1. Say whether the condition of being in contact with a His (Cβ under 9 Å, 6 or more places away or on another chain), more than 18 Å from N221 (Cβ to Cβ) and surrounded by fewer than 21 Cβ atoms within 10 Å (Cβ to Cβ) is met by at least one residue in the range 82-93.
2. Which of the helices (runs of 4 or more DSSP H) found entirely inside the range 313-414 contain at least 1 residues meeting this: open to solvent by less than 10 Å² (accessible area, probe 1.4 Å) and among the acidic types (D, E)?
3. Working carefully through the options A233, A165, find the one that is touching a helix residue (DSSP H, G or I) at 6+ places or on another chain (Cβ under 6 Å), touching a residue at least 24 places away in the same chain (Cβ under 8 Å) and farther than 28 Å from Y280 by Cα.
4. Has the range 159-176 got at least one residue that is modelled with pLDDT of 95 or more, within 20 Å of A352 (Cβ to Cβ), part of a loop (DSSP other than H, G, I, E, B) and open to solvent by 10 Å² or more (accessible area, probe 1.4 Å)?
5. Among residues belonging to the range 210-224 that are open to solvent by less than 10 Å² (accessible area, probe 1.4 Å) and farther than 13 Å from S288 by Cα, point out the one that is modelled with the lowest pLDDT.
6. Residues V260, V267: which one is touching an Asp or Glu at 6+ places or on another chain (Cβ under 9 Å), surrounded by 23 or more Cβ atoms within 10 Å (Cβ to Cβ) and among the β-branched types (V, I, T)?
7. Within the range 198-205, is there a residue that is in contact (Cβ under 8 Å) with a residue 40 or more places away in the chain, at negative phi and either of a type in the set (A, V, I, L, M) or assigned to a loop (DSSP other than H, G, I, E, B) (or both)?
8. Among the residues of the range 446-465, is there at least one that is more than 29 Å from the chain's Cα centre (by Cα) and of a type in the set (V, I, T)?
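The values are calculated or read from the model by the stated rules, or taken from the named source; none is laboratory data. These numbers come from a predicted model, not from an experiment. Positions of Cβ are generated from backbone atoms using ideal geometry, with glycine treated the same way; all protein chains shown enter the neighbour counts. Heavy atoms of the whole protein, side chains included, go into the accessibility calculation; ligands, DNA and RNA do not. Shrake-Rupley method; radii C 1.70, N 1.55, O 1.52, S 1.80 Å.
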Amino acid sequence: MIRQKHNIVLIIAILLSTLNACQSEVKKPNVIVILVDDLGATDLGCYGSDFYQTPNIDQLANEGTRFTNSYSSCTVCSPTRASIMTGKYPAHQDLTDWIEGHKYPWAKLKIPDWNMHLDSTDFTLAEAFKDAGYFTAHVGKWHLGEMEKDWPENHGFDINIGGWAKGAPHRNKTNGFNGYFSPYGNPRLEDGPDDEYLTERLTSEVCNLIDEKGDDPFFINFWLYNVHTPLQACKDKIIKYSALIDSTKRHQNPVYAAMVEHTDEAVGKVIDKLKEKGLYENTIILFSSDNGGLIGRKRNKVTNNYPFRLGKGGMYEGGVRIPTILYSPFQKTKGQQIDEPVISNDYYPTLATLAGVSIPEKQKVAMDGYSWLPLLNGELNLNRDAIFWHYPHYHQEGAVPYSAIRMGDWKLIENFETNDLELYNLKDDIGEVKNLFDEETAQVHLLKNKLEEWRLSVKAQMPSKNPEFDESKSNRKR
């Protein structure tokens, strides 16, 4: 009997040992978040560009999921980046403009005293992955605080390469800093040879990290400075697109086209490195943008967001419509298209859910984002009532303080400067041409009430009457 019991104990011990060995062989999925700066909703081949060439990103869409109603949580960069890191709407964090924002002291409205850094009390996306045993790295643009204490290494990243206060490559003739070409003048990135292009350098840094850390699970923010101004690219690419210009096409800027190609090559090189290391089939890749494409003004045209109205810094679809692609080794169908509206604050809960990473209850409760897992599993919607925007600021590309809500096909915009309301049916009018305010009063009333309730729920800061308002000065072109 004693020997029999001993044998049973031994068998149990062997089974447990085998189970633990199997569990240790189940490797956690890696995660790479590729965020492009100012990439417009139609700036990729797979999203309808008639000029820019993006074969690597297009292939990623063929192997993953392409979202056709994807939105940034703000019309400018810093608020969207904060929403990605926290899962919250920008208004929920009082971080509602790019840091440090445009100054219009004589405007009709006075902007609120808003937050100019990522709040350290939030448990970030990087901290969640780090707590789950991941190596975490940030490579590229950050733009979430002026002080070093606000930079990536203090928000959950083990390594920070290139992320600091600046929101664009640093150009300074006095100090010799040359934007996208070294020397960079970036305190978190050593200068390379004079002809080194920033995007190629950052791509090499990501590939090196994959080489070094590929045996362990990793979470990498690859947040490119491309395609933000200053418009700079390698000469061979500019020459290529200059020869391809066609006046019948919507997209015509050869330098911007070259910058888009640099971005596409960066994605391709990272994917090639993952495949070389045998990691591609165990890596989740989220590709997106931080706001709509920059149109530019007068002779300095950048891109064209047609059929969407306006672009970065504007209050219409062109300012917040973005391309978004998710590649996950766990998805059942390749090349799928999802039409349900999604937004930047969904990234945190989506990536955490897909990777099996837990989020502290305090952060989870405070989140505004939704996991996309139901959509990836074939459900048609997220049972989300609406999505919202709140921008109590002015922008040189045209925006005045406003809020907006999209519910189903309906979108309502509230202009705080004029007190006007605009209502559009995006299914019938994606270009937001026909304001249905006078025709759909019940819909206006419903959306206006929901928008006001949401602003109260997140304690959104509001602009106020400006005692320094000077109409003659405020009317100058922003």
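1. No: zero hits.
2. Details: elements: 317-320, 347-355, 361-366, 373-376.
The qualifying helices (runs of 4 or more DSSP H) are 317-320.
3. Numbers: A165 fails: touching a helix residue (DSSP H, G or I) at 6+ places or on another chain (Cβ under 6 Å).
Result of the check over A233, A165: A233.
4. no
5. Taking the range 210-224 as the starting set, the residues that turn out to be open to solvent by less than 10 Å² (accessible area, probe 1.4 Å) are 210, 214, 218-224.
With farther than 13 Å from S288 by Cα added as a condition, the list becomes 210, 214, 218-220.
Details: I210: 98, G214: 86, F218: 98, F219: 98, I220: 98.
Among those that are open to solvent by less than 10 Å² (accessible area, probe 1.4 Å) and farther than 13 Å from S288 by Cα, it is G214.
6. Working: V267 fails: touching an Asp or Glu at 6+ places or on another chain (Cβ under 9 Å).
Testing whether each residue is touching an Asp or Glu at 6+ places or on another chain (Cβ under 9 Å), surrounded by 23 or more Cβ atoms within 10 Å (Cβ to Cβ) and among the β-branched types (V, I, T) leaves just V260.
7. yes
8. Among the residues of the range 446-465, not one is more than 29 Å from the chain's Cα centre (by Cα) and of a type in the set (V, I, T), which makes the answer no.
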